[in-house]
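Rule-based calculations on the coordinates, nothing more; no lab input. No experiment lies behind these values; they were computed from the predicted model shown. Here the Cβ positions follow ideal geometry from the backbone for every residue, glycine too, while neighbour counts run over all protein chains shown.
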Amino acid sequence: AMSASGERLVAASYYVKPIVFKWNSITLAYDLVGTINFTVYGGNPLGIRMSGDGSRIIMRQSRNVVYFATWSDTENTYINITQTLEPTAKSDGENNEANLAISGDGNRIAYGCTTFYGYSDWNGTNYGLWKQIPELNGILKCGGSLNEDGNILLINSNPTRYLKFDSINNKFLPPILIPNSTMNITVNYVGGFVLVPNSTRFYWTPGWNSG
């Protein structure tokens, strides 16, 4: 996970605590500044996403609930690891750590699994209860990406789709297809992607059986 400016970077692995780096403008390289003590929660998170300004991260173990943590200048790392208000792990038994997204402003997160997917909004102190998006049932492959204000959600499916948030009815509208031909891929799913903050474009890498 990386902040929009590239100043902060968090890397995850199966066997170690998440590692925090900060960009050094003098050496033009990332300095290791510490780790995030997440192991007390039963294992290291493999899914980590960061808000645009780098002040907050969200973390998820493979088949577990979602946590968030905030940046501390004093500690020079992310602290106060807190579980969101959604008590149920949104998992279908598969490894779902990649099915995790956070908006640039940090006010909305989206997560779930290949069977079902939804989102939660920031209430001032925590992320609220998870709200399912029924139109995404069974079509997601591995993850989504939210824009700056969380009103556009890009999802990895076949073909790729995006959804717009209806602020009047307080829900996401049905997904809109992005044809595979537009992305110059043949079949199946992209490997990974990110939606730029202003939603004008997204970047992707080839995935399974993709050209």
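Sorting 47-58, 67-78, 108-119 by average packing, meaning the other beta carbons within 10 Å per residue, from highest down gives 108-119, 47-58, 67-78. Note that the stretch 13-30 has calculated 3J(HN,Hα) couplings of 8, 4, 10, 10, 5, x, 9, 9, 10, 10, 6, 9, 6, 8, 8, 6, 8, 8 Hz, one per residue in order, obtained from phi through the Karplus relation 6.51 cos²θ - 1.76 cosθ + 1.60 (θ = phi - 60°); glycine and proline are x.
Among residues other than residue 106 with Cβ under 11 Å from its Cβ, the summed charge is -2 (Lys and Arg +1, Asp and Glu -1).
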